[in-house]
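Written out below as structure tokens is the structure these notes cover.
A short reminder: the numbers here are calculations on the coordinates, not readings from a lab. No experiment lies behind these values; they were computed from the predicted model shown. Cβ: placed from backbone, ideal geometry, glycine included. Neighbour counts: every protein chain shown.
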Amino acid sequence: MDSLSVDHLLGIKQLQPEDIDLIFRTADHFKEVINRPIRKVPSLRDITIANLFFENSTRTKLSFELAEKRLSADVLNFSAGQSSLKKGETLIDTVNNILAMKVDMVVMRHPMPGAAMFLSREVNSRIVNAGDGAHEHPTQALLDSYSIREVHGDLAGKKVLIVGDITHSRVALSNIFCLQKMGAEVKVCGPPTLIPKYIESIGVKVEPNLRKALEWCDVANMLRIQLERQRIQYFPSLREYSLQYGLTKQLLDSIDNEFTILHPGPINRGVEITTEVADSERSIILDQVENGVAIRMAVIYLLADKIDKRNSS
Amino acid sequence: MIHIQRAKVLCPESRFHNKVCDFIVDHGKVVRISEKPIPTGKGTVIHSKDLHLSIGWFDLGTQIGDPGFEHKEDFESGLAAAAKGGFTGVAPMPNTFPFRDNKSAIKYAIDAGANHIVQVYPIGGLSKKGEGLELAELYDMTEAGASAFSDGLNDIHNPELQKLALLYSDNLRPPLLCHPIDHQLAAEGMMHEGPTSTSLGLRGIPAIAEELRVVRDLKLIEYTESGMHFFCISTKEALKRILEANSDELSSSVAISNLVWNDERLHDFDSSFKVEPPLRSESDRKFLLKALKNGNIQVLCSNHRPHEIEAKRCEFENAEFGMASIEVFLPLLMQAFKAEDLSEIISSFTSNPRKLLKLEIPLLEEDLEANLCLFDPSLPADLNFKSKAVNYPKLNEPKGKILGVIQGRKNNFA
């Protein structure tokens, strides 16, 4: 397989395991590229990419932008602050206006689930979902799995724990789909108020006790508490959350299991993870960030192959 | 003169039920019904390979946005759509702007249908402005011709007001229609809570939000010794509670969409299927389907909720709830049921809603005014819609064509 089975990256759900494998193999190549003295390739010199961020983002936006520039694509940045969406323009009109400037690919972050899928039906462009509400964040899941693969090799049979706010997390959902497609086993842990009632219907087990969960896993992915997406108070205080679900050095030292620690960032130090743990040898948080660029280069490179220049806007 | 040839009669109240008959309609009256073919004479002849005849259909709780939301549907387009869908009577919900909560608004709606083939029996608002705070002038609206009282798809959150509404309306002719939903449990929900909502990252509307409101209302009904119609039930557990209460003063309805699809239909975020009540689980769908067939649900409604393109062609969360359905009611019926089931369920959209609203039920007898629907369930559906709505569901080779309706001297045969 040397081409993706999809025309857009809307979510992990639509990918085949072979697609994920192809993205990983392509990312291996780009990871080597970004560690060369000249960290750039001319692959996408004739491609223009618009990064549309209708929700705040720092690291994902920077990571995409860097990936695009490393591939020599022309890059257009657009964020909600400058947007005409606030003036009442529809999403389709906003995007079509940008596409009229001859843009080939759109990377979009949007606060609403399904926004990327909706856009892919309505506009003539390749779409990369950079996070849509609590639905999916496929490149984050790909880079997480890729980072786990670097440490543990094949993902099949690996035990991965996701800790935190599962209800509001697109990272959790995409990670679950990605890990399952690659044969890993997934458990989630967090306050019962932040675990969806039907989570087990998508093949995930729930372990409410953090210690037991950590004793079980090969990898623990500590999610950030998404206060901005919670419409009511799901737990009494951050302090109390930290007491029950925070990963501290003391807890880490008391568990006889050498698991790897991931965090999608940004970290709330002292809430879901303490500084000593985040900066410890077990943590591969900064490797995730580096791999993020390689994974996004791979995704954009593979999707660029799907652009039909004759019909492109 | 209209000569209807070899039509299978679907009218459980008639001695011709399930028989194949010829009908002659002249000057607005059925002048002859014959089980034997009548020789073709003058006038319009109506025949079709699988012709069916029933009394004109009746839609409970149609949304017609007149006044206030005429860009979605006004009476002219809404009633034309209803007639095209096989209906000769509609009871529109009061969710207009301003809210239909007074006698002049009731009269406006009645007048809009006065010379139309489709008669309008407006539902009056239960609370002032539909805010759920104070009772509207129910007696005055009864005198003006209100057919029922409801706050539409809003619910009466305050149990004290619901108690007062049950007590106060008990002496009045129009029944109380309530769509049971606990809005706090359902808050910001986009679809049924279940495996599909979980995998889509969409906030769910739990089934318990409906059941909980039914349980509360059943206790209030028991306390006030009154009755109620539960409008558009969507879950198995809520219906079970209503059936357990075993009271003649209780009845319920279901929306056709809840019998055709389940929540998995939303897998691709298609906003056409974002409806209220939401498409529920397959187990709910099957239970409701069976309940309609065996009479445990008395009324089937289109739950027609028309929208303009901007209301639906947007992000799923921004899309408005509702599906335009009144003109595809028969094609949807034919998706949910087999043709032979029609004789069992026909009352649920002909005589039962009229009984509920204490309206006169048209009879199939000679020398009485004609109020008829003629349809062929096996013909391809006619998708040239009269409604202003753009949110009709996309159907794959839909079957079921309405040939026309007759009400007195009016008909809409092409």
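How large is the helix-only mean residue ellipticity at 222 nm for chain B, computed as the sum of -39500 (n - 2.57) over DSSP H runs with n ≥ 4, divided by its residue count, in deg cm²/dmol to the nearest 500?
Result for chain B, helices only: -7500 deg cm²/dmol.
Can you pull a Stokes-Einstein diffusion coefficient for the range B:267-357 at 4 °C (1.567 mPa s), Rh from Kirkwood over Cα pairs, as a whole number of µm²/s? Don't skip to the answer; put the middle values down first.
Numbers: Rh = 14.7 Å.
Approximately 88 µm²/s, per Stokes-Einstein.
Can you compute the modelled spin-label distance between B:GLU249 and B:GLU35, with each label point 7 Å from Cα toward Cβ, in nm?
4.3 nm
Which net charge results for the neighbourhood of B:SER127, defined as the other residues with beta-carbon distances under 10 angstrom from its beta-carbon, given Lys and Arg at +1 and Asp and Glu at -1?
On the way: positive: B:LYS128, B:LYS129; negative: B:ASP101, B:GLU131, B:GLU134, B:ASP151.
Result for the local shell: -2.
For chain A, modelled as a GNM with alpha-carbon contacts under 10 angstrom, which of A:ILE300, A:ILE20, A:ILE38 fluctuates the most?
Residue with maximal mean-square fluctuation among A:ILE300, A:ILE20, A:ILE38: A:ILE38.
Tell me what chain A gives for mean residue ellipticity at 222 nm when only DSSP H runs of n ≥ 4 count, each as -39,500 (n - 2.57), the sum divided by the residue total, rounded to 500 deg cm²/dmol.
Rounded to the nearest 500, the figure is -11500 deg cm²/dmol.
Dividing the convex hull volume of the alpha carbon atoms of the range B:1-78 by its residue count, what do you get in Å³ per residue?
So the per-residue hull volume is 142 Å³.
On a full-extension model of 0.36 nm per residue, what is the gain between A:VAL206 and A:LEU251, subtracting their alpha-carbon distance, rounded to one decimal in nm?
That works out to 14.2 nm of additional length.
Using the membrane-span-like helix rule (whole DSSP H runs, Cα extent along the own axis of at least 27 Å, mean Kyte-Doolittle hydropathy at least -1.0), which helices of chain A qualify?
Qualifying helices, which must be both long enough and hydrophobic enough, are A:285-304.
Hey, can you grab everything whose amide H is under 5 Å from the amide H of A:GLY133? Only 5+ residues off in sequence or another chain; H modelled, so Pro and N-termini drop out.
A:HIS110, A:MET112
For the range B:1-92, which trypsin sites (Lys or Arg not before Pro) are both in a DSSP coil and crowded by at most 11 other Cβ atoms within 10 Å?
Answer in residue order: B:ARG15, B:LYS42, B:LYS49.
Taking chain A as a Gaussian network, where each spring joins two C-alpha atoms under 10 Å apart, which residue of A:SER125, A:SER72, A:SER237 fluctuates the most?
Of A:SER125, A:SER72, A:SER237, the most mobile in the Gaussian network model is A:SER237.
If you take each beta carbon of peptide A:160-168 and count the beta carbons of other chains within 10 angstrom, what is the mean?
1
Strictly greater than 50 Å: what percent of every Cα pair in the protein assembly as shown meets that? Walk me through the numbers before you get to the answer.
Numbers: 70790 of 263901 pairs.
Pairs farther apart than 50 Å: 27 percent.
Angle, helix B:159-169 long axis vs. longest principal axis of chain B, Cα atoms, 0 to 90°, nearest 10?
In chain B, helix B:159-169 runs at an angle near 30 degrees to the longest axis.
How would you rank A:GLU272, B:GLU134, going from fewest to most other Cβ atoms within 10 Å of each one's own Cβ?
Values: A:GLU272 24, B:GLU134 12.
Lowest to highest Cβ neighbour count: B:GLU134, A:GLU272.
What translational D, rounded to a whole number of µm²/s, comes out for the range B:356-414 from Stokes-Einstein when the hydrodynamic radius is the Kirkwood one over Cα pairs, at 25 °C and 0.890 mPa s? Present the calculation step by step, with values, prior to reporting the outcome.
On the way: Rh = 14.1 Å.
This corresponds to a translational diffusion coefficient of 174 µm²/s.
Would you tally the net charge around B:ASP66, using a Cβ to Cβ cut-off of less than 13 Å, leaving B:ASP66 out, and scoring K and R as +1, D and E as -1?
Once positives and negatives cancel, what remains is -2.
Put a dot 7 Å past each Cα toward the Cβ at B:LEU133 and A:ASP74; how far apart are the dots in nm?
It works out to 5.7 nm between the two label points.
Evaluate Rg over Rh across the range A:53-154, taking Cα atoms for both radii and Kirkwood's formula for Rh.
Over the Cα atoms of the range A:53-154, Rg/Rh equals 1.00.
Which FRET efficiency value, to the nearest 0.05, is calculated for B:ALA114 and B:ILE309 with the Förster distance at 45 angstrom and r the Cβ-Cβ distance?
The value I calculate is 0.90.
Restricting things to Cα coordinates, could you compute the convex hull volume per residue of the range B:111-210 in Å³? Don't jump to the answer; show the numbers that get you there.
Numbers: hull volume 13.2 nm³, N = 100.
Value for the range B:111-210: 132 Å³ per residue.
At 1.002 mPa s and 20 °C, plugging the Kirkwood radius over alpha-carbon pairs of chain A into Stokes-Einstein gives what diffusion coefficient in µm²/s?
107 µm²/s
For the range A:138-285, just the Cα set please: Rg and Dmax, both in angstrom.
Looking at the range A:138-285, its Cα Rg and Dmax stand at 14.0, 41 Å.
Rg and Dmax of chain B, Cα atoms, in Å?
Both quantities, over Cα of chain B: 20.6, 64 Å.
How do B:LEU357, B:LEU177, B:LEU161 rank when sorted from fewest to most other Cβ atoms within 10 Å of their own Cβ?
On the way: B:LEU357 22, B:LEU177 27, B:LEU161 16.
Fewest-to-most ranking of B:LEU357, B:LEU177, B:LEU161: B:LEU161, B:LEU357, B:LEU177.
Need one number: nm distance between label points at B:GLU366 and B:ALA187, each 7 Å from Cα along Cα→Cβ, rounded to one decimal.
Computed distance between label sites B:GLU366 and B:ALA187 equals 6.6 nm.
Which of B:SER199, B:SER271, B:SER325, A:SER254 comes first, and how do the rest follow, when ranked by fewest Cβ neighbours within 10 Å?
Numbers: B:SER199 22, B:SER271 25, B:SER325 29, A:SER254 10.
Fewest to most other Cβ atoms nearby, the residues stand as A:SER254, B:SER199, B:SER271, B:SER325.
Around B:PRO380, with a cut-off of 9 angstrom between Cβ atoms, what is the net charge of the other residues, counting Lys and Arg +1 and Asp and Glu -1?
The answer is 0.
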